[in-house]
Amino acid sequence: MSSPTEFTGLTELDRESRMGGEGTETLSRPVRRIDLSDFDARRALITEELWDAAVEVGFFQIHNHGIDPAGVDAAFAAAQRFFALPEGTKGQYALKKGLNSGWESGSQIRPSTGTPDQKESYQVTRPHMDGLWPSEAELAGFRETLLRFERQCWEVAMRVLSCFADRLGFERDFFAVCHDPRADTYQSTLRLLHYFAVTEGAQGDPVRWRAGAHTDFDCLTLLFQREGQGGLQVCPGRERDGERWTPIAATADSITCNIGDMLMRWSDDRLPSNFHRVRSPRPDEDQGPRHSIAFFAQANRDAVIEGPRAAYPPITAGEYLRQRINANFAR
């Protein structure tokens, strides 16, 4: 299985720059849907299905995952209420650099495109939220809704990661311990995303990407999408050189999951972290806004990343993320 690590000698910025073209869309790589119902009784089968899907594509969708649809709807409603606030109000809760907490707009420039992603976002990282929550007068119940939803996402992510722990030969609760939300070193993040509606005259502009091609830095990403708000595409490793992109359907009943760089290293590259992007709508598609919510399961800063085969030297998750950010955004 080819993986992003095969760009030998290239920086992460160079790797992403090679993914900047529009490429060719293909439907030849179906993304598997995996049923998590009756999890404890079906754990062995679910583990095999998750492992096979992760190794083959790096992306999969899970359903019957245990999060009530009403809870998902409440989180999206909270996100839309936040993004509807005036710019000046949102600006009071601006992103804290290096802490992945707070609001930003149009500030993320991907090496793959060289242009800002057409979106705004609000990040929740539990230990770093002092002064970043809108007041109850501004958004009643916002904090409570998002913290409850973040906890549910953590539980689903740890359930999936426990299956990977089984296959990698770790203790079943290994990743849960490494992602302990009670610790000050916790750095998993819930991210609310609002991709802007396409303005008149910008339809089909090839340099305007909702999110340029990239890999995620974390262990596991959970992505919640709204029905009909598509655009997400993945480029599995063996399709990379030809930039053949596979679209992933936006469905309300499932969570789209992908392996991140941190878990790829932790698995000694057995689980690939693959490129993905969010393209802008074509002229014949809905030009309206797109909303999604992502949960990034990132190990606590003091957790030590070392694979069972010791393919790489041990490194703390905090240092690993620092290096990955510097490799992507600094020359």
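Give the residue that is farthest from PHE60 (Cα to Cα), with candidates limited to residues of segment 163-201 that are open to solvent by less than 40 Å² (accessible area, probe 1.4 Å) and in contact with an Asp or Glu (Cβ under 7 Å, 6 or more places away or on another chain).
THR185
When only residues in segment 299-320 that are buried (at least 21 other Cβ atoms within 10 Å of the Cβ) and assigned to a helix (DSSP H, G or I) count, which is modelled with the highest pLDDT?
Of everything passing the filter in segment 299-320, ALA317 is modelled with the highest pLDDT.
Restricting segment 50-77 to residues that are over 19 Å from the mean Cα position of the chain (by Cα) and more than 19 Å from GLU155 (Cα to Cα), which is least open to solvent (accessible area, probe 1.4 Å)?
In this case the residue turns out to be ALA77.
For segment 227-250, how many residues meet the condition of being at pLDDT 75 or above and buried (at least 17 other Cβ atoms within 10 Å of the Cβ)?
12
Which one of the conditions (1) open to solvent by 10 Å² or more (accessible area, probe 1.4 Å); (2) in a loop (DSSP other than H, G, I, E, B); (3) not hydroxyl-bearing (Ser, Thr, Tyr) does PHE296 fail to meet, given that it meets all the rest?
(2)
Every residue in segment 135-157 that is open to solvent by less than 10 Å² (accessible area, probe 1.4 Å) and either farther than 30 Å from PRO281 by Cα or among the hydrophobic types (A, V, I, L, M, F, W, C) (or both), please.
Once the filter is applied, which keeps residues that are open to solvent by less than 10 Å² (accessible area, probe 1.4 Å) and either farther than 30 Å from PRO281 by Cα or among the hydrophobic types (A, V, I, L, M, F, W, C) (or both), segment 135-157 yields LEU139, PHE142, LEU146, PHE149, CYS153, VAL156, ALA157.
Kindly indicate the residue of segment 107-127 that is open to solvent by 30 Å² or more (accessible area, probe 1.4 Å) and within 19 Å of the chain's Cα centre (by Cα) and also modelled with the highest pLDDT among those meeting that condition.
ARG126
Has segment 199-218 got at least one residue that is modelled with pLDDT of 95 or more and over 27 Å from ALA84 (Cα atoms)?
Taking segment 199-218 and keeping what is modelled with pLDDT of 95 or more, we get 218.
With over 27 Å from ALA84 (Cα atoms) added as a condition, the list becomes 218.
Within segment 199-218, one or more residues are modelled with pLDDT of 95 or more and over 27 Å from ALA84 (Cα atoms).
Give me the pairs, please: first residue somewhere in segment 159-177 and touching a residue at least 12 places away in the same chain (Cβ under 8 Å), second residue anywhere and open to solvent by 80 Å² or more (accessible area, probe 1.4 Å) and acidic (Asp, Glu), beta-carbon distance under 7 Å, and either six or more positions apart or on two chains.
Qualifying pairs under 7 Å: SER162/ASP173.
The values are calculated or read from the model by the stated rules, or taken from the named source; none is laboratory data. Since we're looking at a predicted model, the values are computed, not measured. Cβ atoms come from the backbone with ideal geometry, glycine included; neighbour counts cover every protein chain shown. Remember, those area values only see protein heavy atoms, side chains included, never the ligands or the DNA or RNA. Shrake-Rupley method; radii C 1.70, N 1.55, O 1.52, S 1.80 Å.
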